[in-house]
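A.B. asks: This structure is in structure tokens; I'll ask about it shortly.
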There are 4 protein chains.
Amino acid sequence: MAHDATSVAVLGASGYTGAELLRVLVDHPRVRVVALCGNKSAGQPATTVFPHLAGRIALDIETVDAVAIAERAEVAFLALPHGHSAQVAKDLRAAGGKLRLIVDLSADFRLRDHGVYREWYGEHPCPELLEHAVYGLPELSREGLAGADLIAAPGCYPTATVLPIAPLLRARLIEPSPLVVDAKSGVSGAGRTPSLAAHLPEAAEGVRPYKVAGSHRHTPEIEQALSRIAGTDVVVTFTPHLLPMSRGILSCVYAQPSDPGRDPGAYLACLRSAYQDEPFVTVLEDSLPDTAHVRGSNRAQVAVRYDQRAGRVVAMAAIDNLVKGAAGQAVQCMNLALGFGETEGLGAVAMFP
Amino acid sequence: MAHDATSVAVLGASGYTGAELLRVLVDHPRVRVVALCGNKSAGQPATTVFPHLAGRIALDIETVDAVAIAERAEVAFLALPHGHSAQVAKDLRAAGGKLRLIVDLSADFRLRDHGVYREWYGEHPCPELLEHAVYGLPELSREGLAGADLIAAPGCYPTATVLPIAPLLRARLIEPSPLVVDAKSGVSGAGRTPSLAAHLPEAAEGVRPYKVAGSHRHTPEIEQALSRIAGTDVVVTFTPHLLPMSRGILSCVYAQPSDPGRDPGAYLACLRSAYQDEPFVTVLEDSLPDTAHVRGSNRAQVAVRYDQRAGRVVAMAAIDNLVKGAAGQAVQCMNLALGFGETEGLGAVAMFP
Amino acid sequence: MAHDATSVAVLGASGYTGAELLRVLVDHPRVRVVALCGNKSAGQPATTVFPHLAGRIALDIETVDAVAIAERAEVAFLALPHGHSAQVAKDLRAAGGKLRLIVDLSADFRLRDHGVYREWYGEHPCPELLEHAVYGLPELSREGLAGADLIAAPGCYPTATVLPIAPLLRARLIEPSPLVVDAKSGVSGAGRTPSLAAHLPEAAEGVRPYKVAGSHRHTPEIEQALSRIAGTDVVVTFTPHLLPMSRGILSCVYAQPSDPGRDPGAYLACLRSAYQDEPFVTVLEDSLPDTAHVRGSNRAQVAVRYDQRAGRVVAMAAIDNLVKGAAGQAVQCMNLALGFGETEGLGAVAMFP
Amino acid sequence: MAHDATSVAVLGASGYTGAELLRVLVDHPRVRVVALCGNKSAGQPATTVFPHLAGRIALDIETVDAVAIAERAEVAFLALPHGHSAQVAKDLRAAGGKLRLIVDLSADFRLRDHGVYREWYGEHPCPELLEHAVYGLPELSREGLAGADLIAAPGCYPTATVLPIAPLLRARLIEPSPLVVDAKSGVSGAGRTPSLAAHLPEAAEGVRPYKVAGSHRHTPEIEQALSRIAGTDVVVTFTPHLLPMSRGILSCVYAQPSDPGRDPGAYLACLRSAYQDEPFVTVLEDSLPDTAHVRGSNRAQVAVRYDQRAGRVVAMAAIDNLVKGAAGQAVQCMNLALGFGETEGLGAVAMFP
């Protein structure tokens, strides 16, 4: 860690996303974590709340105080509940100080349209910032990330869904509709608050869909991202599932080819071309994505197959929901915003098995 | 067990399907297991191969000998590899004896068209029996099961896929194409032979698709069953996945409504009407299927939702792949074939948690 | 279910023990479940609280009302929290009615000494009943179970610990001290109330001891049972662990041989002799206990080995904590108390895999 | 990675230990991986054998060739089967070249007594090296590691067993016998070769002991390490278990206090004093070890409790069997042997959840 390390604060340090930010940031060569905030666990050492951080984090958790943070940190990562997150972002920006970048990991700045936000989440505390925030999915668009001061880190399902299908949509190899998205997630995506759905005896030996038929809040985010690429309104049928594992999202997207007579190799070629220079995307050719192979890393595995019999394109991706689907991608965005190397602090090999 | 219990033999007693047949059959009030056959484990007590049968099965495993079996058993369940199974069925029928019913749990008699069988499995040892065999999915059609002497127990994926969608297709509430089937299975579906894919450290913390884009052998079986109902050729895009759990299949089917303006309540009403008298199908209204809730039982949970935004029907089912997807359904078919009560021996409550 | 089935009530129908009692009782040929009580979930259908009971239980859950229950049920199973359970037992006995047997699955009637109970659990609501209750571990002692009207079903850890070591202690093959008990449990043992310790992402990929060094409440119960057999005070060091699985307890007991020069075959011979007529105990000779082989069944697997190098006896047992460790054993006790066949309703084969 | 990075080779690149060495070494600031060898997978890219290495390792796997390796690598890590490993070590030393350090992760150089080795493993290919090799458990003894040219990385069970008990033994707070060691391991410890014992449906929902009563090969290694500390022969009863998880070992050691009247705080004080400056050992005070909190890290959590009632000391440790129990500790030894900082390349935070 260099003498002139950038000071960062993590707000929302008692959930899995906050903990994962810490895991990534303590090994980042360009930053120094100066503050952890979390109202629920304020006053406790970080290692009491998360014993796995032992030996690497000596900080205590503080209450969330925008003015104090803005004075001490150049970068603030917000891993707070939606609604609360936007309010804190607003306060941080008002506080000024040395703060120059907010990376928000909640849903608060992902949707550009206030009406859509209101429909899914309720009133927004600072709708004027919605158009200002930059959507931080670098592989889709790095535009605006350099120098950004407010970045919305994408949701885990949208990341796993957009990556395998966006290049095909952009190249007009598939029809923008109908799209079916069937996604499977580990339980950590539901957060650290104990619930019956995440109670091990209930969850450990079964698979279940939830919030089906367009009722999951990541639906409009997926549609917004895909519509922008397609240049037309994209509507998806999105089905999330909970699986008996801690981490990982696998998303399968089903699409109609724009030309059924096309050489099936075109789909793979398109993905390879789109991602050949991407440091965090592996396009698989002979194998298929497996969340076990990206655990703990910022990598996405993508693949595509053409179902000749049915005339349908199947695009798939595997990510770690807490890394490429949250903390890792947020750090990737910070790297781009501050002019660091895009992969700095994010090189860790996936943990397998 | 009555004095006049029907004698049954289980051939293929060293795999999970064979073991599950035993688990069900030893508590069946109308039958007596008189023989277990398995070439790999011949000579060993059944409880050496499967210690969980201790105290309930005193038989040793024998080599597969059609003539000997036909002399001792009225019913033979075949839990053998495809190809081998048809050959044994042919031999059993030739042997005569007291045998009056074969329930085959392999794929050998599921496809009625020899050409289709050949394409997916190779040459069939007795194609003349293909049209003679009765496809044993009672909820779809009980026709022919009473008095049948050769029954093809359906595959696990086809069972979980056909149940939630067949009534909608029959009532013409959905278009016969395009259909997308995204299915998730526990690892026991891959059998008991150790492999890297089922090695716990490889499989325990990830989800992965396999045999995608129409390459899984259950594809033609699903299409055959649905085409018969639809009265027209149905082609599906079928994607199976392996999940980190032992048992269970969850299948999601995505379909276009035949009339987008229809009252969305019609889909649920259709399933409820179709299954109101079925002893093994629960139509869920306020909740969604969960394989953890049908573990060890012959029950299928089905549900349907209409995605109003995208104009798409999502039909779902959860079963235990080894029970309703294999052994339990095979016993259900035997019950119907021999005139027993359909639920005899199959009443066990699911094991949860 | 015969015309003259015995009426039973389950009190505490919203936890895993209550649900498991229902799973066992609905298939019991001699009883009829007439009431389910649970204050938390009163008013709801049993199948709403436990969807896996669908198709087999049509009752709604009632509030706990001793007088009403005593009028309708001959047998009451109490699956309530300790303290509350004893109070309800007292009320049921006072109510009279047709009630003739209470099987309590809480800890309230397991300890015979009020002083010991008070030390570990606090004041007892009806200490006068402590000596009256019969400790229901049939393999240890069937004495008193026939005709009993108040039975204390043993704890899960004590069952798994006492079974493998009691015959050796009784035959004076081992020293009564020092005994070390290292036990491993699935998470369902901690109940259905969501907690961080049982939250899947926290619990799914790790093993941890808890309440070590004599602080777990099952310690005095183990000591009481072993002391009675040994005829002298036995003190154990007991270490429970939570494992990433739903069901099962494996207990390893380490003891000193009373005669190091004894033929090591004596230990196995002792267990075989003790359990040769027991319907629910399998003494393993060439293999070792595995909780996966007793899942869902009332069976206990026991084994013993002599460590020649270290001069130490290692006795082991595997049970399903919810069956032999709770609901199954409670039903076994009812069978003995009411003069039913001991195995009635308890024959289910373990569910494997 | 500096210009003058030390060249290292990993021999045995197709098992979990080899893969874990790669995961650690590619982020080590002082080394460069120049060769991977594995006869089974020779010719394939490393990322074909282990897809999780994608993006970080570009090497192909070579056949094991001692002369070629000794010419290219200064350090060789051997993750080969025992017997084979010693032979390769012998060949490497004979080859000369630039090689200056061998770290062997097999059992071949852990036992100093050829007679003991022969009893447990068979004839040793180069017994003359047994006394030359340095046992690489730095927290026990750093003596000899600086400048060593042949290091035996300890076994996973011995590491987890020795760490919590060694300081107590050295300080004579406990009796050297009898010691009981009850250890629990994730399935990755059994290697990557598919087997029924590690087949997910067999292993995923149960716990089982194996090689009990002094038959596991780690027994003499534990005894050798403890005897050296105690200055007298220590004999342990060691019981390993397989648990339904991929990684992690939890070991509980039960010992008699040398003075039952001692202040119980002395045990914790002893561990704290012994490990206060150790970078990879966390002595827990208010909590207990949990393998989920050290996953993927080189950290060991240790704790001790005194069971006042039974007069017994319970010492516990949790490690990741593939890191502190194998690859991480091997790299820690290399760091010490070559004069690097002990923690270089080993700082990664544990992956939780």
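Read the figures in this text as sums done on the coordinates, not as results from a lab. Since this is a predicted model, take the numbers as computed values, not measurements. Using ideal geometry, Cβ is built from the backbone for each residue, glycine included, and neighbour counts are taken over all protein chains shown.
A.B. asks: Find which of B:Gly136, B:Leu284, B:Ala68 sits farthest along the positive direction of the dipole of chain B, computed with +1 on the beta-carbon of Lys and Arg, -1 on that of Asp and Glu, about the Cα centre.
C.D. replies: B:Leu284
A.B. asks: Mind running the shape call on segment C:1-68? Use the C-alpha gyration tensor, a ≥ b ≥ c as the square roots of the eigenvalues: rounded below 1.5 for a/c, prolate if a/b tops b/c, oblate otherwise.
C.D. replies: Oblate, since a/c reaches 1.5 and b/c is not below a/b.
A.B. asks: As an exercise, find the ratio Rg/Rh for chain C from alpha-carbon atoms, using the Kirkwood inverse-distance average for Rh.
C.D. replies: On the Cα set of chain C, Rg over Rh gives 0.96.
A.B. asks: OK, next. Could you size up the charge dipole of the protein assembly as shown around its Cα centre, putting +1 on the beta carbon of Lys and Arg and -1 on that of Asp and Glu, and report it in debye to the nearest 20?
C.D. replies: Values: 124 positive and 148 negative charges, 1 e Å.
Value, rounded to 20: 0 debye.
A.B. asks: Dipole of chain D, Cα-centred, from +1 at each Lys and Arg C-beta and -1 at each Asp and Glu C-beta, to the nearest 20 debye?
C.D. replies: 380 debye
A.B. asks: Note down the net charge around C:Val235, summing +1 for each Lys or Arg and -1 for each Asp or Glu among other residues with Cβ under 10 Å from its Cβ.
C.D. replies: Within the 10 Å Cβ shell, the charges total -1.
A.B. asks: Using the eigenvalues of the Cα gyration tensor, what equivalent ellipsoid semi-axes result for segment B:79-151 when each is taken as the square root of five times the eigenvalue, whole Å, largest first?
C.D. replies: On the way: eigenvalues 68, 56, 20 Å².
Sorted largest first and rounded, they come to 18, 17, 10 Å.
A.B. asks: Sort B:Asp91, D:Asp259, C:Asp290, C:Asp277 so the one with the fewest other Cβ atoms within 10 Å of its own Cβ comes first.
C.D. replies: C:Asp277, D:Asp259, B:Asp91, C:Asp290
A.B. asks: OK, next. Taking 2.2 N^0.38 Å as the expected size of a compact globular protein, what ratio does the Cα radius of gyration of segment D:119-199 give against it, to two decimals?
C.D. replies: Dividing the Cα Rg of segment D:119-199 by 2.2 N^0.38 Å gives 1.39.
A.B. asks: Could you give, in nm with one decimal, how far B:Gly97 is from each other copy of that position, shortest first, with labels 7 Å out from Cα toward Cβ?
C.D. replies: Computed spacing set for this position: 5.6, 6.4, 8.3 nm.
A.B. asks: Related question: With every atom except the alpha carbons ignored, what do you get for Rg and Dmax of the protein assembly as shown, in angstroms?
C.D. replies: That works out to 31.7, 92 Å for Rg and Dmax.
A.B. asks: Note the distances from D:Gln256 to each other copy's matching label point, with points 7 Å along the Cα-to-beta-carbon direction, in nm, sorted shortest first.
C.D. replies: So the distances to the same position in the other copies read 0.5, 8.2, 8.2 nm.
A.B. asks: Dipole size in debye (nearest 20) for segment B:157-321 around its Cα centre, Lys and Arg Cβ +1, Asp and Glu Cβ -1?
C.D. replies: 220 debye
A.B. asks: If you add up the charges near D:Pro158, with Lys and Arg at +1 and Asp and Glu at -1, over every other residue whose beta carbon is less than 13 angstrom from its beta carbon, what do you get?
C.D. replies: +1
A.B. asks: I would also like to ask the following. Where does helix D:218-230 land angle-wise versus the long Cα axis of chain D, in degrees 0 to 90, nearest 10?
C.D. replies: Tilt of helix D:218-230: around 60 degrees.
A.B. asks: Which lysines have a Cα less than 30 Å from the Cα of C:Lys211, not counting those fewer than 8 places away in the same chain?
C.D. replies: List returned: A:Lys40, C:Lys40, C:Lys184, C:Lys324, D:Lys184, D:Lys211, D:Lys324.
A.B. asks: Given the options A:Val134, A:Val181, A:Val67, which has the most mean-square fluctuation in a GNM of chain A, springs set between C-alpha atoms less than 10 angstrom apart?
C.D. replies: A:Val67
A.B. asks: In degrees between 0 and 90, to the nearest 10, how far off the longest principal axis of chain D does helix D:328-338 point, with axes built from Cα atoms?
C.D. replies: So the helix axis and the longest Cα principal axis differ by about 70 degrees.
A.B. asks: Two decimals is fine: what is log10 I(q)/I(0) at q = 0.12, 0.15, 0.16, 0.21 Å⁻¹ for segment C:6-132, from a Debye sum with one equal scatterer on every Cα and no solvent?
C.D. replies: Taking Cα atoms of segment C:6-132 as identical point scatterers yields -0.44, -0.66, -0.75, -1.16.
A.B. asks: Further question on the same structure: Excluding residues on the same chain fewer than 8 positions from D:Lys90, give the lysines whose Cα lies under 19 Å from its Cα.
C.D. replies: D:Lys98
A.B. asks: Let a ≥ b ≥ c be the square roots of the eigenvalues of the Cα gyration tensor of segment B:269-323; is it rounded (a/c under 1.5), or, if not, prolate (a/b larger than b/c) or oblate?
C.D. replies: Oblate, since a/c reaches 1.5 and b/c is not below a/b.
A.B. asks: Per the helix-only calculation at 222 nm, which mean residue ellipticity applies to chain B, given -39500 (n - 2.57) for every DSSP H run of n ≥ 4 and division by its residues, nearest 500 deg cm²/dmol?
C.D. replies: Value at 222 nm, helices only, nearest 500: -8000 deg cm²/dmol.
A.B. asks: Under 10 Å, Cα contacts only: if you run a Gaussian network model on chain D, which one of D:Ala54, D:Ala79, D:Ala255 comes out with the highest mean-square fluctuation?
C.D. replies: D:Ala54
A.B. asks: Quick one: of the DSSP bridges fully inside the protein assembly as shown, what percent are antiparallel, nearest 5?
C.D. replies: Of all bridge pairs located within the protein assembly as shown, approximately 45 percent are antiparallel.
A.B. asks: To the nearest whole number, what is the average tally of beta carbon atoms from other chains within 10 Å of the beta carbons of peptide C:213-220?
C.D. replies: Per-residue shielding by partner chains comes out at 3.
A.B. asks: For A:Thr282, which sequence-distant residues (separation of 5 or more, or a different chain) have an amide H within less than 5 Å of its own amide H, given hydrogens modelled in the peptide plane?
C.D. replies: Sorted by chain and number, the residues that satisfy this are A:Ala300, A:Gln301, A:Val302.
A.B. asks: So, one more: Choose one of C:Gln308, C:Gly191, C:Leu271: the residue whose Cα lies farthest towards the positive end of the charge dipole of segment C:157-321 (beta-carbon charges +1 Lys, Arg; -1 Asp, Glu; about the Cα centre).
C.D. replies: Farthest along the dipole direction, towards plus: C:Gly191.
A.B. asks: Based on Cα coordinates alone, diagonalise the gyration tensor for segment C:245-303, multiply each eigenvalue by 5, take square roots, and list the semi-axes in whole Å, largest first.
C.D. replies: Ellipsoid semi-axes (Å, largest first): 24, 14, 9.
A.B. asks: Here's something else I'd like to know. In chain D, with Lys and Arg counted as +1 and Asp and Glu as -1 at Cβ, which of these residues, D:Ala230, D:Val24, D:His52, has the Cα nearest the positive end of the dipole, that is, farthest along it?
C.D. replies: Toward the positive end, the furthest listed residue is D:His52.
A.B. asks: So if I restrict to the alpha-carbon atoms in segment B:157-321, what is the Rg, and what is Dmax, the biggest pairwise distance, in Å?
C.D. replies: 15.9, 51
A.B. asks: How many angstrom lie between the Cα centre of segment B:194-225 and the Cα centre of segment C:109-146?
C.D. replies: With segment B:194-225 and segment C:109-146 each reduced to a Cα centre, they are spaced 53 Å.
A.B. asks: Here is a further query. Summing Lys, Arg as +1 and Asp, Glu as -1, what charge do residues with Cβ under 11 Å from the Cβ of C:Arg299 carry, C:Arg299 excluded?
C.D. replies: +1
A.B. asks: Which of these, A:Cys37, A:Cys126, A:Cys333, has the largest mean-square fluctuation under a Gaussian network model of chain A (Cα springs below 10 Å)?
C.D. replies: A:Cys126
A.B. asks: Follow-up question, since we're still on this one. Non-local amide H neighbours of B:Leu242 (under 5 Å, H modeled in plane, Pro and chain starts lacking H): which ones?
C.D. replies: Result for B:Leu242 returns B:Ser185, B:Arg208, B:Tyr210.
A.B. asks: If every alpha-carbon in segment A:209-276 counts as one equal scatterer, what log10 I(q)/I(0) does Debye give at q = 0.12, 0.18, 0.20 1/Å?
C.D. replies: -0.47, -0.95, -1.06
A.B. asks: Would you pull out the residues with amide H under 5 Å of D:Gly248's amide H, same chain only if 5 or more places away, H placed 1.01 Å from N?
C.D. replies: When sequence neighbours closer than 5 places are left aside, the close amide H contacts are D:Gly186, D:Asn321, D:Leu322.
A.B. asks: Assuming a ≥ b ≥ c are the square roots of the Cα gyration tensor eigenvalues, decide whether segment B:147-249 counts as rounded (a/c under 1.5), prolate (otherwise, with a/b larger than b/c) or oblate.
C.D. replies: It is prolate, given that a/c is not under 1.5 and a/b is the larger ratio.
A.B. asks: Another question, if that's okay. Relative to the longest principal Cα axis of chain C, at what angle does helix C:265-275 sit, 0 to 90 degrees, rounded to 10?
C.D. replies: Taking Cα atoms only, the helix is inclined about 20 degrees.
A.B. asks: Consider the operator that turns chain B into chain C: which B residue has a Cβ nearest its axis, and what is that gap in Å?
C.D. replies: Per the Cβ-to-axis criterion, the result reads B:Met351, 3.
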